[in-house]
Structures are given as structure tokens and as C-alpha cells.
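Notes follow the structure.
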Amino acid sequence: MPKISKLLILSFLIKTGAALEIIIPDALENKVAVSVIDLNTNKSVYSYHPDKPMLLASNMKVVTSYVALKKLGWDFNWHTKIAYSGNIENNVLNGNIYIIGGGDPFLNTSTITNMIQSFKNDTGIDIISGKIILDNSVFNTKPKNSELHPEPYATYSVEPDGLLIDNDLTMVNIKIKNGKISLVKPNTLGLKLQNNLKYLPGKASCRNANDYVTIKKIAKNTLSLSGSLPQKCNKKEIGIYFGDDFSYDKKIIAKSIANVGIRYDSIESGIAPADINIILTHNSESINTLLPIMNQMSNNTYAKTLFMSLGAFKTNNSNTYINSVNEYKKTIAEAFDFPELTPENGAGLSRHEKLSAKHMTQLLQAIYSSSDYQKFRLSLPTPGESGTLENDFKTYHNQLYVKTGTLDDVKAYSGYFTNSNDHTYAISIIANDIKTNGSTSELTDFKQLLISLLAQLNKNK
């Protein structure tokens, strides 16, 4: 147990008459907030600084999940369309082709190639006398991000876009042999890579190689890749995001069109006119598929896409970002009074997205009482499975379902805990102003605080 100069023990009587005693380490005294609601009685059984606004990190995705389910629903999906203008004579299109993005976060090279092949099969076109126009205008502005130390080339920095193919990631292959790491980059990368990666001995898992890598631009045409990779990252990939959606999309579509044998003049960015012939529409996977990936893998692009979809599809879309912020606030205000909540991008990459622990558990309580509860609970990470809880709290597999949140100075867990007697609690435990890089004492103390809380809740009837 850490040294405690000031012992803070807060006790609340629960059904059995036993006391719930939680010891807050002195180092965390002014840095942590906790709220626990008994969902069988709808009463608070423990709180510590419950009203203090706290940075949420990726716990913000819990709020975004709630808003998306309220406004969009489980079955909502995104549509990508191919259309043309002009007329077709003797397998020649005397006009333009339009590839119109609908914000699909799942869109990939294979889907685009299949769409173009189907377009050719349906129309018989071999030659396009006009242009290929890429229309990504459904998201007409970008979300804001105010994270403390942004990494613009990292996969978590991928922004939503009307036409987002392969998440605009250029993939670099990893080879690890005899403790030496080499990188195999594609010919299309266009930049030099300075390999500063080191070998990490041991049996650490490699769910996502990017988790171990920091990417920085050190010269005009050179990126530095640093970090330590375990053996299990061998034959995996590092994704690099360049933030130039059009250039990436143009490259992929040019290759796909060449593969199906269509000749054309040029590929440009533009907006499709209203009077065009829509030939085919691809419907993406729905929110039903997206939400578990977003919450379990903490996918920021998916969260931001949900955020921006509010403005794009539930308002007049005059300014996607501003409309999305307002629709987000409106949805929360319909059911809650959360004056401290300032939505910025819905993913938690923010110095403004704050909520109190008490308000977080109130939101979780509302979801628990809704028809969305079972599916939403299963969208959250649980210990011992792939996702952000893969290696933590394994004693409580299939008992603990919580969204994790991590920034440089934030650690948070919010979700549900069902104890050994099938009694369910809404839990939110959040720490701000602590060091989360590596195994710091504050981080260890914070996790131990949650372990202590779960151990006591697990005994209750």
C-alpha cells in the first residue's frame, strides 16, 4: 500500500449493512473523482469529488455513443455513390464520372475497385472523355482538436472525411529477425523513413504496432519512427497518416480504374451537380458494427465520424462542424443538465471535453434503463479480450465492461460492473494531472484504487 500522509476513508452503508471503505492515496487526493450508482436501487453507493469537472480522454466516446444512438440509431449507415453526367455512345462517356462520398469510415480500396468494376459492367464504358470528379463535400468543415501533444502522422489523428479510403493510411511492413527491426515501405510513400525503432525483449502482445511507435517529421522529406517493438509485431504494419485526403484517394482510384480498363482524362476534386445519373450506391456497415470497434479499440476516427454525421445528416449542414456541436449539445440537454460539458470532437482528443464523474454515471444509468443497454454494454471493453482492457483486471472478465480513456495526463474508466451476485453498478473513476506514460506510481495507485473498489463491490448482495 502506498504511503499515505492523510488517510481519507469514505464509507457508505449498503444493503447488507457492510461498509464500503475506499482509501484514496495522498498523491491522488486532488486528482481523482469517483462515482458509483447501484443500478438496482438507483442510489449512489460511493462518491469522491463527484461534481468536479474532469477531462475525459476517450471516456468521451461513452457520451458520443449515447448521442449517436439517440440521433442516428443502431441501423444508421453511410452511402458512397457513383454517378455520371452527359451521355454514353459506343462505350464512350461524353461527360464526367462522379464518385460521391457519404462519410463512410469503413470505405477501402477493395470496395472502391468493386464499385468501379460494377459501374463499368452496368454502363459498358471503356473511355471517359471528361473527368473523374471526387466529391467529399458531405463534411464541409473539419472538427477541432486540442489535445496536449498532437501527433499529426499517427493513426489516431485520422480525420473524418466525406471520401475516406483506407482511412488515408499508408502502410509500412515490419520485419523483426534476431532482435533487429527493418521496415519495408511501399514505392508510393514518397518520403524517407529514419528507422530509430528498438527491439523490446519479452512476450508483450502487439495488438496494434502503432501503439509502440512515435512518428515525427524531422526534415522536409524525412519521417523518424521511434519506439520499442516486441517480437509479436513481426509481419505487422505501421500506418502513417499524411492528412491529404484527396492525394491518397486520387492514387487509389487511379489504380482501381486502370485495373478495370477504363481510360480517362484526369481526376479532380469537385462537387457533383444535382442533375446526374446515379448508377450505384454502396451502403456501409452500420453503427451496430462501428460502436464495438470504436469503444473496444478506442477508434478516434469512428468517434469523430459519428460526431460530424450529426451535422451532416441531422441539420441543414450549412457548416458541418458547428452544426454537429450544436446538435450534440441539444441531444444531451434533452435529457440531462450537464453545464460543464463542452463537446469538441466527440473522441476525447481535447482539453475542453469535461464531465463530472456523477454526471457520467447518470448518463450510464439512463442507458441502463433503455432498450440500448445490452448491446451498448457489450460494445465496451471487458478484461482479457482484445481491446484496451486486454491485459488489465482479468479477474473480472465478463463482469467489468468499461470504456478506458488515456491522455498524457488523464486516465479514466467508465461503464458497468456486475458483481458475483448479479448486482449491477454504474462506475466512473477519473484521474487528471497524473503521468500515464509507463508504469508510474500515480498510475499504479489509480488502477489499484479501481481494483479495491471492484473487490468490495463484488462481495455485496
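The values are calculated or read from the model by the stated rules, or taken from the named source; none is laboratory data. The structure presented is a predicted model; accordingly, all values stated were derived computationally and were not measured. Neighbour counts are summed over all protein chains in view; Cβ atoms, including those assigned to glycine, are modelled from backbone coordinates with ideal geometry. Accessible surface is based on the protein model in full, side chains and every heavy atom, while ligands, DNA and RNA are left aside. Shrake-Rupley method; radii C 1.70, N 1.55, O 1.52, S 1.80 Å.
Miscellaneous remarks
- Applying the set (1) assigned to a loop (DSSP other than H, G, I, E, B); (2) free of Cβ contacts under 8 Å to residues at least 60 places away in the same chain; (3) basic (Lys, Arg) to Arg377 leaves exactly one unmet item: (1).
- Remark: Lys144 matches the filter, which requires a residue to be in a loop (DSSP other than H, G, I, E, B), over 20 Å from Ser247 (Cβ atoms) and touching a helix residue (DSSP H, G or I) at 6+ places or on another chain (Cβ under 8 Å).
- Residue list for region 160-180, restricted to those being in a loop (DSSP other than H, G, I, E, B) and open to solvent by 70 Å² or more (accessible area, probe 1.4 Å): Asn178
- A single member of Ser318, Ser309, Ser324 is assigned to a loop (DSSP other than H, G, I, E, B) and hydroxyl-bearing (Ser, Thr, Tyr), and it is Ser318.
- Considering each residue of region 290-302 in turn, at least one proves to be free of Cβ contacts under 8 Å to residues at least 12 places away in the same chain, among the hydrophobic types (A, V, I, L, M, F, W, C) and under 26 Å from Glu151 (Cβ atoms).
- Test: residue in region 156-173 that is among the charged types (D, E, K, R) and more than 30 Å from His282 (Cα to Cα): no
- Residue match in region 296-311 (condition: surrounded by fewer than 18 Cβ atoms within 10 Å (Cβ to Cβ) and under 26 Å from Ala412 (Cα atoms)): yes
- Any hit, region 435-445, residues being more than 21 Å from the chain's Cα centre (by Cα) and under 26 Å from Ser65 (Cα atoms): no
- When Thr388, Thr404 are screened for being surrounded by fewer than 24 Cβ atoms within 10 Å (Cβ to Cβ), modelled with pLDDT under 95, among the hydroxyl-bearing types (Ser, Thr, Tyr) and closer than 21 Å to Met360 by Cα, only Thr388 passes.
- Which numbered condition Lys459 misses (of (1) assigned to a loop (DSSP other than H, G, I, E, B); (2) in contact (Cβ under 8 Å) with a residue 40 or more places away in the chain; (3) closer than 23 Å to Asn295 by Cβ): (3)
- Members of region 277-309 found to be more than 16 Å from Glu159 (Cβ to Cβ) and touching a Lys or Arg at 6+ places or on another chain (Cβ under 6 Å), listed by number: Ile278, Thr281, Asn295
- Of the residues examined, Ser157 is not one that is among the small types (Gly, Ala, Ser), touching a residue at least 12 places away in the same chain (Cβ under 8 Å) and in contact with a Lys or Arg (Cβ under 6 Å, 6 or more places away or on another chain).
- Subset of region 352-374 that is assigned to a loop (DSSP other than H, G, I, E, B) and among the small types (Gly, Ala, Ser) - its residue that is most open to solvent (accessible area, probe 1.4 Å): Ser371
- The set of residues in region 235-255 that are in a helix (DSSP H, G or I), buried (at least 21 other Cβ atoms within 10 Å of the Cβ) and aliphatic (A, V, I, L, M) contains only Ile253.
- Residues in region 391-401 that are more than 21 Å from Lys31 (Cβ to Cβ) and touching a residue at least 60 places away in the same chain (Cβ under 8 Å) were compared, and the one that is least open to solvent (accessible area, probe 1.4 Å) is Tyr396.
- Qualifying residue in region 112-126 (condition: in contact with a Ser or Thr (Cβ under 6 Å, 6 or more places away or on another chain), open to solvent by 50 Å² or more (accessible area, probe 1.4 Å) and among the polar types (S, T, N, Q)): no
- Hits in region 78-93 - residues which are closer than 17 Å to Asp275 by Cα, not in a loop (DSSP other than H, G, I, E, B) and not β-branched (Val, Ile, Thr): Lys81, Ala83, Tyr84, Asn87, Leu93
- Tally, over region 33-71, of residues that are charged (D, E, K, R), more than 25 Å from Ser146 (Cα to Cα) and open to solvent by 20 Å² or more (accessible area, probe 1.4 Å): 3
- Enumeration of residues in region 184-234 that are of a type in the set (Val, Ile, Thr) and not in a strand (DSSP E or B): Thr188
- Counted residues, region 147-159 - those being open to solvent by less than 20 Å² (accessible area, probe 1.4 Å) and out of contact with any helix residue (DSSP H, G or I) (no Cβ under 7 Å at 6 or more places or on another chain): 1
- Enumeration of residues in region 336-346 that are touching a residue at least 60 places away in the same chain (Cβ under 8 Å) and either outside any loop (DSSP other than H, G, I, E, B) or surrounded by fewer than 20 Cβ atoms within 10 Å (Cβ to Cβ) (or both): Glu340
- Residue list for region 303-323, restricted to those being of a type in the set (Gly, Ala, Ser) and under 22 Å from Leu364 (Cα atoms): Ala303
- Residue, nearest to the chain's Cα centre (by Cα), within region 282-295, restricted to residues that are crowded, with 16+ Cβ neighbours inside 10 Å and assigned to a helix (DSSP H, G or I): Met294
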